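What follows is calculated from the coordinates using simple rules that are stated; it is not laboratory data. Bear in mind the structure is a predicted one, so any value in this text is a computation, not a measurement. Cβ coordinates were reconstructed from backbone atoms using ideal geometry, including for glycine residues, and neighbour counts include every protein chain displayed.
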Amino acid sequence: MEIKTNEYRVWSDGSTVYYEGTMRLSSPEDYAPIQAIMNEMLAAKPARIDLDLTGLEFLNSSGINLFAKFTIEVRKQADVGLGVKGTTQIPWQSKSLPNLKKLFPALDLQIV
Amino acid sequence: MQSHYGIEFPEAADSTEGVKLALHSGLPPTWSNCGATADFLGNLYARAAARAGKNVKETRHGINYLANEILENAVKFRHPASGAIEIEARFQQGRFELQVRNYAEPAVAANFQTLLQELTSRDPGELMIERIEANAMDDTQGGSGLGILTMMNDYGAEIGWRFTQTQDGEPVQVDTYLTVQLVQ
């Protein structure tokens, strides 16, 4: 599964979803196709899902909301773990990703 | 009639470092203009940061996120017939200031004020987690207010809002002022 535009690219490989570029979509409806990739992976109930954000330069608050909602969805599944990988090279990640850990303390957050 | 939320607005500042942009209602700004304008401000002041020996990446990314969020709100809530948006920005000694003026329908402005009353009354970090949990329970909610809370909590931005209405039924003038010490 892959979504590719001039601005961003989202794709899955195994149980990891990768994000790249700039995501500044205007509403939850606009984020729905991306959410669908994530939900599909969750429906397959892998032992752990990883979100690799190390290529995601910019994300607006509607996008942060997408990740927050997904974190809560995974939290509801006792048998699915969640890992989120970010980078200190992209300032929004160090600032906003720790909020996900507050929502789901078992989340494995790596900002390296 | 005027109402005010959040921090006070500054006295009119005369600045050589400032940028003024007016997007007129004959050519109303679109969603993609928010990102493009935020990119423009971020890139412009990244150069200023480089000249001043300050962290370029923090400057560019911070301004990009904050300007984009404020402008997205201005476009989202703009009056269908009075869609003009005015933007004024400054970056001095690592402090970013942004002032945006737009016009909203009275009912839209009233809803926004109800939201602001709540957002400015409590700790933004706590409120953010609460609102995310509430949004997750209700799929129709698009995370309203989350942008404002991330700016205050994640970026340490201080924000003020001023609503001015000259006559009943007329568009409400919405002024937003954001200030933040982005880099030292």
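Things to note:
- Among A:63, A:86, A:14: highest mean-square fluctuation, GNM of chain A, C-alpha pairs under 10 Å: A:14
- Semi-axis lengths, Å, chain B, gyration tensor of Cα atoms, sqrt of 5 times eigenvalues: 26, 21, 16
- Long-range amide H partners of residue A:49 with built H, under 5 Å: A:81, A:82, A:83
- Neighbours of residue B:86 by Cβ distance under 12 Å: Lys/Arg scored +1, Asp/Glu scored -1, total +1.
- Mean separation of Cα contacts under 8 Å (6+ apart) over length of chain B, as relative contact order %: 30
- q = 0.15, 0.18, 0.19 Å⁻¹: log10 I(q)/I(0) that the Debye formula gives for the stretch B:1-70, counting C-alpha atoms only: -0.68, -0.91, -0.97
- Residues whose amide H falls under 5 Å from that of residue A:55, counting only those 5 or more places apart or on a different chain, are A:19, with hydrogens built in the peptide plane.
- Antiparallel DSSP beta bridges within the protein assembly as shown, percent to nearest 5: 75
- At most 14 other Cβ within 10 Å, DSSP loop - trypsin sites (Lys or Arg not before Pro), the stretch B:75-184: B:122
- For chain A, built as a Gaussian network whose Cα springs stay under 10 Å, the top-fluctuating residue of A:12, A:94, A:27: A:27
- Entries of B:20/B:76; A:102/B:76; A:69/B:20; A:76/B:57; A:4/B:54; A:4/A:95 with Cα pairs more than 31 Å apart: A:69/B:20; A:76/B:57; A:4/B:54
- Karplus-derived HN-Hα couplings along the stretch B:105-115 (A = 6.51, B = -1.76, C = 1.60, θ = phi - 60°), whole Hz, x at Gly and Pro: 5, x, 5, 5, 5, 5, 4, 5, 5, 4, 4
- The stretch B:169-184 - phi-based ³J(HN,Hα) in whole Hz, Karplus 6.51/-1.76/1.60, Gly and Pro as x: x, 6, x, 8, 7, 10, 10, 10, 10, 10, 9, 7, 7, 6, 9, 8
- For chain A, share of DSSP beta bridges that run antiparallel, in % to the nearest 5: 35
- The protein assembly as shown, dipole about Cα centre (Lys/Arg Cβ +1, Asp/Glu Cβ -1), debye to the nearest 20: 700
- Whole-Hz couplings from phi, Karplus 6.51/-1.76/1.60, listed for the stretch B:42-58; x for Gly and Pro: x, 5, 4, 7, 5, 5, 5, 5, 4, 4, 8, x, 9, 4, 5, 5, 4
- Label reach from residue B:110 (point 7 Å along Cα→C-beta): in the stretch B:140-184, amide nitrogens under 17 Å belong to B:163-174.
- For the stretch A:2-111, averaging the sequence separation of C-alpha pairs within contact (under 8 Å, six or more residues apart) and dividing by the residue count gives a relative contact order of 24 percent.
- The protein assembly as shown: calculated mean residue ellipticity at 222 nm from DSSP helix runs of at least 4, using -39500 (n - 2.57): -13000 deg cm²/dmol
- The charge dipole of chain B, taken about its Cα centre with unit charges on the Cβ of Lys, Arg, Asp and Glu (plus for the first two, minus for the last two), comes to roughly 780 debye.
- Length available on full extension from residue A:109 to residue A:54: 0.36 nm per residue minus the Cα-Cα distance, which gives 18.6 nm.
- The mean of 1/r over all distinct Cα pairs in the stretch A:2-111, once inverted, gives the Kirkwood hydrodynamic radius of 13.8 Å.
- Projected label points at residue B:27 and residue A:32, each 7 Å from Cα along the beta carbon direction, are separated by 3.3 nanometres.
- Between the stretch A:69-105 and the stretch A:11-67, the alpha-carbon centres lie 11 Å apart.
- GNM flexibility winner over chain B from B:98, B:27, B:146 (Cα, springs under 10 Å): B:27
- Per-bin percent of Cα-Cα distances, the protein assembly as shown [5 Å]: 1, 5, 12, 15, 18, 17, 13, 9, 6, 3, 1, 0, 0
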